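This report refers to the structure that appears directly beneath it.
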Amino acid sequence: MSAPILTRASRLLGIRYPIVQGGLARVARAELCAAVSAAGGLGQIATAGLDGPEALRAEIAKVRAATDAPFGVNFPLGRTDITAMLEVALEEAVPVIALTAGNPAPWIKRIAGRAKVLVLIAGPELAKKAEAAGADLVATVGYEGGGHLGLGDETTMVMVPRVVRAVSIPVLASGGIADGAGLLAALALGAEGVEMGTRFVASVEARAHARYKQALVESQPQDTAIIKRSLRQPGRVIRTAYTEALNAREAAGAGPEELVPLIAGEVNEIGVGEGRLAESYVWAGQAVGLIEEVLPAGEIVARMAREAHAGLARLRAMLQPTG
Ligand SMILES: Cc1cc2nc3c(=O)[nH]c(=O)nc-3n(C[C@H](O)[C@H](O)[C@H](O)COP(=O)(O)O)c2cc1C
């Protein structure tokens, strides 16, 4: 095992490496979460796509049976009422609760110090709001990322230092990170860790069809596309016949009543669970260009830590030449 990477984020979360697996709707269940946490990162169970509070309780029990390490539960806000599932997470004393896509303030009040709160945002303004609402740390997602994005098309490289300047709580860099060089770059930009989605979808433990994982390995950044722009909820996917048709309808002026059924969770499941990508949309970021194979999630974490240490040695040699 590589030496720990200690930042305020890794200390706060009680983890060896400041590598957080994003809440991945339908993809991140107990197996993935436990594998990431057992390797020294922070795994998360995604509540999106889970079948109610008791299903969440069962996933939490599976994680606890596999590892004593800290882990999180991720809640997208806005679309469904999270009250009952959040109550389960609090009853079960889950160490970290992640909130995204909505106003976290009332939920942070309800959590009231019973778990560490990570809020996923995009940019300095939302970061400040999350800090004022009582978040313990934020993850800021740049334009390269997979899944839902900010409205400003701002890249991770520019966004991370701006968010670091805007708040005093620890910041995780997210969007386009998939290896140790990305981790090291994030730390260099002032972040205190990373949050990653796409890389962990291409892992053995992810609940994703083999064809989805293989598509991530084979895709280039140009094979991703953004959908749902007209709904002001842009999200990055693998470009498929389905997403091309969806974007053509958006361009032709289709309204929410036509678009919303086309982007329902059940349609996402056709790709995630059944691997019929041409009939579905599946989330993925430009980091696909960095993914060469499907790996065990623990190996992804271990490799990143090794690569970050080796990368630092390389940088030291450049910055402090001895010859
Ligand atoms: C398949 C998939 C599903 C996602 N679902 C969620 C989710 O339910 N909640 C959430 O906070 N973020 C979700 N995200 C965003 C990730 O947590 C993370 O912020 C993003 O993937 C970072 O960019 P990257 O893919 O380049 O690593 C999802 C991303 C992907 C790829």
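The values are calculated or read from the model by the stated rules, or taken from the named source; none is laboratory data. Every value quoted in this text rests on a predicted model; they were computed, and no experiment measured them. Cβ coordinates were reconstructed from backbone atoms using ideal geometry, including for glycine residues, and neighbour counts include every protein chain displayed. With ligands, DNA and RNA removed, areas are computed over all heavy atoms of the protein, side chains included. Shrake-Rupley method; radii C 1.70, N 1.55, O 1.52, S 1.80 Å.
Summary table below
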read-out	value
Every residue from the range 104-125 that is at pLDDT 95 or above and open to solvent by 40 Å² or more (accessible area, probe 1.4 Å)	106, 107, 109, 110, 114, 116, 120, 125
Residue ranges of helices (runs of 4 or more DSSP H) in the range 222-323 with at least 2 members touching an Asp or Glu at 6+ places or on another chain (Cβ under 8 Å) and either charged (D, E, K, R) or in contact (Cβ under 8 Å) with a residue 40 or more places away in the chain (or both)	297-319
Residues (away from the ligand (no atom under 15 Å from the Cβ), outside any helix (DSSP H, G or I) and not hydrophobic (A, V, I, L, M, F, W, C)) located in the range 7-50	7, 14, 16, 17, 40
Positions within the range 163-179 being within 14 Å of the ligand (Cβ to nearest atom) and outside any strand (DSSP E or B), in sequence order	163, 175, 176, 177, 178, 179
Single residue of the range 249-263 satisfying the filter (within 25 Å of the chain's Cα centre (by Cα) and surrounded by 11 or more Cβ atoms within 10 Å (Cβ to Cβ)) that is nearest to residue 237 (Cα to Cα)	263
Residues (open to solvent by less than 20 Å² (accessible area, probe 1.4 Å) and outside any strand (DSSP E or B)) located in the range 198-207	198, 199, 200, 201, 202, 206
Contacts under 8 angstrom Cβ, first residue in the range 104-121 being in contact (Cβ under 8 Å) with a residue 60 or more places away in the chain and within 16 Å of the ligand (Cβ to nearest atom), partner open to solvent by 20 Å² or more (accessible area, probe 1.4 Å) and of a type in the set (A, V, I, L, M), 6 or more apart	116/12; 120/101
Output for the range 132-162, where each listed residue is away from the ligand (no atom under 14 Å from the Cβ) and not hydrophobic (A, V, I, L, M, F, W, C)	134, 136, 152, 153, 161, 162
Complete set of residues in the range 109-151 that are touching a Phe, Trp or Tyr at 6+ places or on another chain (Cβ under 8 Å) and either part of a loop (DSSP other than H, G, I, E, B) or outside the structural domain of residue 88 (by TED's automatic domain parsing) (or both)	146, 149, 150
Failed item, numbered, when residue 201 is tested on (1) more than 12 Å from the ligand (Cβ to nearest atom); (2) touching a Phe, Trp or Tyr at 6+ places or on another chain (Cβ under 9 Å)	(1)
Selected residue [open to solvent by less than 60 Å² (accessible area, probe 1.4 Å) and more than 30 Å from residue 185 (Cα to Cα)] from 300, 238, 291, 270	270
Any hit, the range 68-84, residues being at pLDDT below 95 and at positive phi	yes
Residue in the range 71-78 that is away from the ligand (no atom under 13 Å from the Cβ), over 18 Å from residue 196 (Cα atoms) and either not in a loop (DSSP other than H, G, I, E, B) or not assigned by TED's automatic domain parsing to the domain that holds residue 228 (or both) present	no
Near pairs, Cβ below 8 angstrom, 6+ apart or cross-chain, from the range 185-211 (under 18 Å from residue 12 (Cα atoms)) to any residue that is among the β-branched types (Val, Ile, Thr) and open to solvent by 30 Å² or more (accessible area, probe 1.4 Å)	190/164; 191/164
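Per-residue answers, yes or no, for (1) under 24 Å from residue 31 (Cβ atoms); (2) small (Gly, Ala, Ser); (3) within 14 Å of the ligand (Cβ to nearest atom):
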site	(1), (2), (3)
217	yes, no, no
228	no, no, yes
246	no, no, no
252	no, yes, no
285	yes, yes, yes
306	yes, no, no
